[in-house]
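Asker: Okay, handing you the structure first.
The values are calculated or read from the model by the stated rules, or taken from the named source; none is laboratory data. A quick note: this is a predicted structure, and the numbers were derived from the prediction, not measured. Every residue, glycine as well, gets a Cβ built from its backbone with ideal geometry; the counts of neighbours run over all protein chains shown.
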Amino acid sequence: MTDANVFGERILENLEKVVIGKRNALELVVIGLLCQGHVLIEDVPGVGKTVMARTLARSLGCIFTRIQFTPDMLPSDVTGVSIFNQENRSFEFRPGPLFGQIVLADEINRATPKTQAALLEAMDERQVTVDGITHPLPRPFLVLATQNPIEYEGTFPLPEAQLDRFLLRVRLGYPSAHDEIRVLESHQLRHPIDAIGPVFSADEVLAVAESVKSIYVAPSITRYIVELTRRTRISSDVYLGASPRGSLALFRAGQARAALNGRGHVLPDDIKALAQSILGHRIITNPAARLREVTAERIVQEILLATAVPGGSYTS
């Protein structure tokens, strides 16, 4: 079986051939892959969100599907539809684009709440129910959703239930001047994604993801995770704090980060490094805080500073 550290390095090496200078963001995506959790990529157009999803799918030899969300899209356009077959006089299910392994939900907030809700069952239970019949989704199943944080005209904000199903929120940001020059050079003759091939199979991804679950998490680390999440619920600036799913996300992602770094145990630094990406999008600030321009990111940072970091031994 492939070691998680080796797995991560080879995947990141492949991704960095196309997405240049975004190591931290790419590590978060790989952590999402190892946790079998979905990733919300929130950034301005043109920074490589779609290309990153395509490169990840190519690196794993997985089925890649793309859903371009629009206001007139129906739930059946995402999940699929049952069509009556005249020959055998029965209904046949025609799967929609959701039946992929790496699914790019492009501009997800442009779809209506009804269409967004079509993703809820798929993201949480890895299955789709159409006309009372449940259809399992292929494994691995990872939704990479994008949204533009600047342009809100013609969009529908993601509901809390939808946001809570995303393990992580990632921001790529603009490249540095040096990295942007490298991007231009890499595109001179052809798109660098054309030279990318698979380095692992889907079965190997599932095997490594299963092995990550055995990473040791000390009781003090578990209490630290719960305390961080609990403080998001009692903050005076918060209308809605992180759910227990947020605690579980921190727990699983901490295991994945430790595995990627070649450790068999989780450190407090793993949890601190992941807290913003995992808890930030799960927090809704109250009106008074918004008037003072207090952001969820600032609240998480203040909680990290105010919460005592556990000491002692973390190895089993």
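Asker: What are the pairs with Cβ atoms under 9 angstrom where one residue, in the stretch 155-168, is surrounded by fewer than 16 Cβ atoms within 10 Å (Cβ to Cβ) and the other, located anywhere, is among the polar types (S, T, N, Q)? Sequence gap at least six, or different chains.
Answerer: Listed pairs, sorted by first residue: PRO157/ASN109; PRO159/GLN116; GLU160/SER243.
Asker: Right, next: Going through ALA218, ALA275, ALA308 one at a time, which residue ends up being out of contact with any helix residue (DSSP H, G or I) (no Cβ under 6 Å at 6 or more places or on another chain), aliphatic (A, V, I, L, M) and closer than 30 Å to ILE11 by Cα?
Answerer: ALA218
Asker: Within the stretch 163-191, how many residues turn out to be under 27 Å from GLY37 (Cα atoms) and modelled with pLDDT of 85 or more?
Answerer: Summing the residues that are under 27 Å from GLY37 (Cα atoms) and modelled with pLDDT of 85 or more in the stretch 163-191 gives 12.
Asker: For the list (1) within 21 Å of THR50 (Cα to Cα); (2) part of a helix (DSSP H, G or I); (3) under 19 Å from the mean Cα position of the chain (by Cα), I need the number of the one condition that ILE193 fails.
Answerer: All conditions are met except number (3).
Asker: Give, as residue ranges, the helices (runs of 4 or more DSSP H) completely inside the stretch 204-316 that count at least 1 residues that are buried (at least 17 other Cβ atoms within 10 Å of the Cβ) and of a type in the set (S, T, N, Q).
Answerer: It comes to 219-234, 244-260, 268-279.
Asker: Going residue by residue through the stretch 219-227, is there one that turns out to be under 28 Å from ILE284 (Cα atoms), polar (S, T, N, Q), in the same structural domain as LEU279 (by TED's automatic domain parsing) and modelled with pLDDT under 90?
Answerer: Checked against the condition, which is being under 28 Å from ILE284 (Cα atoms), polar (S, T, N, Q), in the same structural domain as LEU279 (by TED's automatic domain parsing) and modelled with pLDDT under 90, the stretch 219-227 yields no hits at all.
Asker: How about the stretch 123-152: which of its residues are hydrophobic (A, V, I, L, M, F, W, C), exposed (fewer than 15 other Cβ atoms within 10 Å of the Cβ) and assigned to a strand (DSSP E or B)?
Answerer: Listed by number, the list holds a single entry, ILE133.
Asker: Would you mind stating whether LEU168 is over 24 Å from GLY80 (Cα atoms) and in a loop (DSSP other than H, G, I, E, B)?
Answerer: The answer is no for LEU168.
Asker: Follow-up question, since we're still on this one. With respect to ALA105, determine if the residue is under 18 Å from GLU160 (Cβ atoms) and part of a strand (DSSP E or B).
Answerer: Spelling it out, ALA105 is indeed under 18 Å from GLU160 (Cβ atoms) and part of a strand (DSSP E or B).
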